[in-house]
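To start, the structure under review is shown below, and the notes come after it.
The values are calculated or read from the model by the stated rules, or taken from the named source; none is laboratory data. All figures in this text were calculated on a predicted structure; none of them were measured in a lab. Cβ placement follows ideal geometry from the backbone for every residue including glycine, while neighbour counts extend to all protein chains displayed. What goes into the accessible areas is simple: the full protein's heavy atoms, side chains included, and nothing from ligands, DNA or RNA. Shrake-Rupley method; radii C 1.70, N 1.55, O 1.52, S 1.80 Å.
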Amino acid sequence: MAERRWLRVAAAAAVLALGPVISACDASADSDASAAHAGPVNGLRILVPNNPGSGYDTTARTAAKVMQDAGLARDVSVFNVAGAGGTVGLRRVADAKGDENLLMQMGLGVVGAVYTNKSKVTLTDTTPIARLIEEVEAVVVPKDSPYNTLQDLVTAWKADPGKVPVGGASAPGGPDHLMPMLLAKAVGVAPKSVKFVSYGGGGELRAAVLGKEVAFAATGIGEVAEQAKVGEVKILAVTSAQRVAGVHAPTLKELGVDLVFANWRGLVATSGLSAEKRQQLVDLVTKMHDSAEWKVALAAKGWTDAFVAGDPFTTFLTSENDRVAKVLKELGLG
């Protein structure tokens, strides 16, 4: 039944087509309603299911600003409901069934957290709107770390995994957790032996790296690119297939590690929406994506455009759920 909620279509149009001829008065009312929907959306709220300063938080606040700057929405607010890898926020959205003005920023991390936290509420209890971006991960160490290359790090990691803790702004199952586990497997470190320390957001993780609470971090490139430019941290490698523009770091593939990895982020709404309202939200996010302001934001943040909206995003979420469950099981972490 949950899957069917995801795949709800606009049946209202078919009913109208089979009904009586619309009067001039009805047609005028419909035109007025369409005109109302064509204007800016008012009072939209975006829930971020983790702490301020996180990748989700940055993405949500950027999207809210672009919507308003492009004249697509008015009075967009962003608020944080952190906990359990995003599943506390997910529960809030599920409980707000039918709330037409509530979106949740989410991504790969929430998919994994649902699985690892054995959450009774899942993404099938939402209405998928769109995938927005992809972001590659970086392997990061503090500026005065003894590890100057990935090989330096891997040598120490293989010698004693417990003495080389890795931090990430993800709960188990999220991108900052999955990436180092996949990296460990690729370089010959048993994933179960990896000491992973989870932080509530990008700000906490950066403080942990600078304070040497962890030997290295796995995090989105947008979280550390500026810190690397000013010399606060060193990026030993990035997880993209090609080098990231403006970042002076090799790819894992260049260094002989057979791993390419990317995080992604998107938006979901509450369940129980009408087909018309869902389409209005899809249209809003599509117009935001097409705006000049969003293109500027993508370049500034180092994000990769990965836009998919509506039913194709629903299909993608289903496949991601299956993929994450399989990866965690293969790594012995499920």
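A few remarks follow.
- Amide H within-cut-off set for Val41, under 5 Å, with H built and near neighbours excluded: Ala73, Arg74
- Overall, the accessible surface of the chain at a probe of 1.4 angstrom is composed of carbon and sulfur to the extent of 55 percent.
- With the simple spin-label model, which puts each label point 7 Å out from Cα in the Cβ direction, the Ala186 to Ala299 separation comes to 2.9 nm.
- Shown here is the pair-distance distribution of the range 248-319: with all Cα-Cα distances grouped in 10 Å bins from zero up to the longest one, the shares run 14, 37, 29, 15, 5, 0 percent.
- Sequentially through the range 180-191, phi angles give Karplus couplings (6.51, -1.76, 1.60; θ = phi - 60°) of x, 5, 5, 5, 4, 4, 5, 9, x, 9, 5, x Hz, Gly and Pro residues having no value and appearing as x.
- For the chain, the solvent-accessible area works out to 44 Å² per residue, with a probe of 1.4 Å and every protein chain left in place.
- Helix-only arithmetic for the chain: the sum of -39500 (n - 2.57) across DSSP H runs with n ≥ 4, divided by the residue total, places the mean residue ellipticity at 222 nm at -13500 deg cm²/dmol.
- Stokes-Einstein diffusion of the range 71-119 at 4 °C, 1.567 mPa s viscosity, Kirkwood radius from Cα pairs, rounded to a whole number: 108 µm²/s.
- Karplus-derived 3J(HN,Hα) values for the range 266-271, using 6.51 cos²θ - 1.76 cosθ + 1.60 with θ = phi - 60°, are x, 10, 10, 10, 6, 7 Hz; glycine and proline are entered as x.
- HN-Hα J in Hz across the range 53-66 - Karplus 6.51, -1.76, 1.60, θ = phi - 60°, x for Gly and Pro: x, 6, x, 4, 4, 4, 5, 5, 6, 5, 4, 4, 5, 5
- With R₀ set to 30 Å, the beta-carbon distance separating Arg243 from Asp99 gives a calculated FRET efficiency near 0.10.
- Protection proxy ranking, peptides 179-185, 116-122, average beta carbon neighbours within 10 Å, highest first: 179-185, 116-122
- q = 0.19 Å⁻¹, the range 38-180: log10 I(q)/I(0) [Debye, one scatterer per Cα]: -1.11
- Working note: Cα atoms of the range 212-297, range along each principal axis, descending, whole Å: 49, 28, 27.
- Kirkwood hydrodynamic radius (C-alpha pairs) into Stokes-Einstein, the chain, 20 °C and 1.002 mPa s, D in µm²/s: 102 µm²/s
- Put simply, the amide H of Ile129, placed in the peptide plane, has neighbours under 5 Å in Leu267, Val268, Ala269, leaving out anything fewer than 5 places away on its chain.
- Looking at the range 122-158, the trypsin sites (Lys or Arg not before Pro) that sit in a DSSP loop and have at most 16 other Cβ atoms within 10 Å of their own Cβ are Lys143.
- Dimensionless Rg over Rh [the range 48-104; C-alpha; Kirkwood]: 0.99
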